[in-house]
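Computed from the coordinates by the stated procedures, all read-outs in this text should not be read as laboratory data. Since the model is a prediction, treat every value here as computed from it, not as a measurement. Glycine also receives a Cβ, built like all others from the backbone with ideal geometry; neighbour counts cover every protein chain displayed.
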Amino acid sequence: MSKANSIFAKTWSGFLWLIFLPNTIYILTDITHLLEDWPRVNSLFKLILILQYTLFSIFGIITFVAAVYFFQKLLERKSAGRRKKGIKVSTITAICILNFVVGFGVILGGIRRTNSWYIFTNPSRVLEDALNLIYSQELLILAFGVGILANIIYFLTLESVATWGKKYFKK
């Protein structure tokens, strides 16, 4: 593969990763459906519902943290020669910004009902919905709150994921 093809493939893969990343943590918003379903089911199914939503939430968090962790590793690899022990401030800053972008994406999907694939099938709608979100103070605050939550989830679970990553992805 030529260098140009490699750069294109990496850029394309990174773009796809970025537009679908909010879907990983978006699943946490599905807890509202649990509250809607709760009065409609009997006791046995309530237990199943709790198990279902718990598993979906856990898998959503795991996939979110793993995806961001590999992004962190990519950033650290780019600055390996200049890095001292620990995470660089620029890496932490990039991850925090990324998580606020994720928060923006979650609100686009949850409130504006914009799906990730609309970027290909209906880009004008994505642009319109994004601008509407930007011009809405309430939605921006909500997106910021989701970004804070994403950062808390990531940095609280980082050590577990790093340990797992070292165990299963040795060089």
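A few remarks follow.
- Derived value for the stretch 3-168: Kirkwood hydrodynamic radius 17.7 Å. Basis is the mean of 1/r over every pair of different alpha-carbon atoms.
- Take 44-53, 14-23 and order them by the average number of nearby Cβ atoms within 10 Å per residue, most first; the result is 14-23, 44-53.
- Shown for V101, V126: other C-beta atoms within 10 Å of each C-beta, ranked fewest to most, produce the order V101, V126.
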